[in-house]
Amino acid sequence: MISIKSEREIALMREAGLMVSKTHEYLQKYIRPGITTKELNRMAEEYILCLGGIPTCKGYEGFPSGLCTSVNDTVVHGIPSNQKLKEGDIISVDMVIGYKGYQGDAAWTYAVGEVSADKRYLMEHTEKALYKGIEQIKPGAHIGDISSAIETYAKEHHLGVVEELCGHGIGREMHEDPEVPNYGIKKAGPRLKEGMVICVEPMLTYGDKAIYILEDNWTVKTEDGKPAAHYEHTVLVTKEGYEILTPRLNEEYLYE
Ligand code: MF3
Ligand code: CO
């Protein structure tokens with residue numbers, strides 16, 4: 001069942017989403033060579049609590065931290081550790097924040113210092129694939145329209161589409177119906193209605209799309225060791241189209 005949010009629920013989800021945006025903005029200043037992913041996680045958890053939010057991932061099915069920190073060939077669900085970031089790494093930071101019972105969820109990939117042209121290409125086109133998907137959102141559109149737009153854009157740019165993980169509905173729970181795959185067929189799947197809220201989140205690879213999961217049962221890596229990127233927004237279906245509930249507050253920091 002895909003829930004339709006009331007005006008009151010939408011207002012709370014907007015607040016939760018803004019907390020996610022603020023925490024990303026706060027964190028990106030610290031993403032530089034030498035910092036560990038554990039330090040980033042600690043700063044994020046403290047910041048989220050200061051904002052009055054809850055880091056929902058922490059304790060979710062046993063996940064140990066508020067952030068997922070996924071470096072280079074880690075696609076998603078990397079666990080913060082004592083690993084230091086190095087010049088040339090890319091790191092995908094994914095977080096979910098709860099506020100008064102409602103969730104906001106967004107991920108983006110950051111460059112650590114100067115990164116290779118290949119990694120920059122991967123980041124740029126994964127983010128563009130996210131917006132290609134989001135642009136499909138309006139009442140009456142099908143989930144497959146989003147999926148197909150992302151897949152088509154990724155393939156045109158010779159990037160691999162990870163198929164095992166997908167986007168999702170969101171609300172009181174971080175994962176609700178429907179599933180939002182990053183590959184699919186136009187006009188297939190459920191239709192969107194005003195008041196639905198979904199997370200769109202392409203996970204694209206610079207090489208092959210095959211992945212495997214580490215023994216920790218969380219960390220998802222590319223089979224071929226090539227880098228992956230992950231961009232995600234929480235998006236409300238409006239009467240006219242859509243509203244991104246996790247807007248980027250500081251675009252100018254994006255590729256510096
Ligand atoms: N944003 C992630 C997702 O959509 C959050 C899950 S991480 C978990 O799947 F650790 F909490 F599971
Ligand atoms: Co998500």
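Numerical summary
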read-out: Filtered residue count, segment 160-172, keeping only those that are more than 11 Å from ligand 1 (Cβ to nearest atom) and not aliphatic (A, V, I, L, M); value: 5
read-out: Residues located in segment 64-80, provided they are assigned to a loop (DSSP other than H, G, I, E, B) and crowded, with 16+ Cβ neighbours inside 10 Å; value: Ser65, Gly66, Asn72, Asp73, His77, Gly78, Ile79, Pro80
read-out: Test set (1) assigned to a loop (DSSP other than H, G, I, E, B); (2) closer than 24 Å to Glu164 by Cβ - Glu87 fails condition number; value: (2)
read-out: Matching residues in segment 67-82 - criterion: being more than 16 Å from Val112 (Cβ to Cβ) and under 14 Å from the mean Cα position of the chain (by Cα); value: Cys68, Val75, Val76, His77
read-out: Qualifying residue in segment 86-99 (condition: within 15 Å of ligand 1 (Cβ to nearest atom), without any contact (Cβ under 8 Å) to a residue 60 or more places away in the chain and within 17 Å of the chain's Cα centre (by Cα)); value: no
read-out: So Met1, is it at pLDDT below 95 and under 17 Å from Gly169 (Cα atoms); value: yes
read-out: Any pair with Cβ under 6 angstrom, 6 or more apart, that starts in segment 47-62 at a residue that is among the charged types (D, E, K, R) and ends at one that is within 16 Å of ligand 1 (Cβ to nearest atom) and open to solvent by less than 70 Å² (accessible area, probe 1.4 Å); value: Lys58/Ser65; Lys58/Gly66
read-out: Scope segment 178-209; condition without any contact (Cβ under 8 Å) to a residue 60 or more places away in the chain, under 25 Å from Glu156 (Cβ atoms), more than 16 Å from ligand 2 (Cβ to nearest atom) and not hydrophobic (A, V, I, L, M, F, W, C); matching residues; value: Tyr183, Gly184, Lys186, Lys187, Gly189, Gly207, Asp208, Lys209
read-out: Pairs where the first residue, in segment 160-175, is within 19 Å of Lys100 (Cβ to Cβ) and touching a residue at least 40 places away in the same chain (Cβ under 8 Å) and the second is within 13 Å of ligand 2 (Cβ to nearest atom) and of a type in the set (A, V, I, L, M), C-beta under 8 Å, 6+ apart; value: Gly169/Val180; Gly169/Val197; Gly169/Ile198; Ile170/Val197; Ile170/Ile198; Gly171/Val197; Met174/Val96
read-out: Qualifying residue in segment 210-231 (condition: more than 16 Å from ligand 2 (Cβ to nearest atom), within 30 Å of Lys5 (Cβ to Cβ) and of a type in the set (Asp, Glu)); value: no
read-out: The lone exception for Ala107 - which of (1) more than 16 Å from ligand 2 (Cβ to nearest atom); (2) under 14 Å from the mean Cα position of the chain (by Cα); (3) open to solvent by less than 30 Å² (accessible area, probe 1.4 Å) it fails; value: (1)
read-out: Pairs, first over 20 Å from Gly195 (Cα atoms) in segment 14-36, second loosely packed, with under 15 Cβ neighbours inside 10 Å and among the polar types (S, T, N, Q), C-beta under 6 Å, six or more apart; value: Glu25/Asn250; Thr36/Asn82
read-out: Residue satisfying condition, being farther than 27 Å from Ala117 by Cβ, buried (at least 18 other Cβ atoms within 10 Å of the Cβ) and either at pLDDT 95 or above or of a type in the set (S, T, N, Q) (or both), within set Leu192, Leu204; value: Leu192
read-out: Filter pass, Met95 being touching a strand residue (DSSP E or B) at 6+ places or on another chain (Cβ under 6 Å), assigned to a helix (DSSP H, G or I) and within 16 Å of ligand 2 (Cβ to nearest atom); value: no
read-out: Members of segment 130-169 found to be away from ligand 2 (no atom under 16 Å from the Cβ), crowded, with 23+ Cβ neighbours inside 10 Å and of a type in the set (Ser, Thr, Tyr), listed by number; value: Ser148
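The values are calculated or read from the model by the stated rules, or taken from the named source; none is laboratory data. If you're wondering where the values come from, they're calculated on a predicted model, not measured in any experiment. Counting neighbours? That spans all protein chains shown, and the Cβs are built from the backbone with ideal geometry, glycine included. Each accessible area value is taken on the protein alone, full model and side chains, heavy atoms only, with ligands, DNA and RNA left out. Shrake-Rupley method; radii C 1.70, N 1.55, O 1.52, S 1.80 Å.
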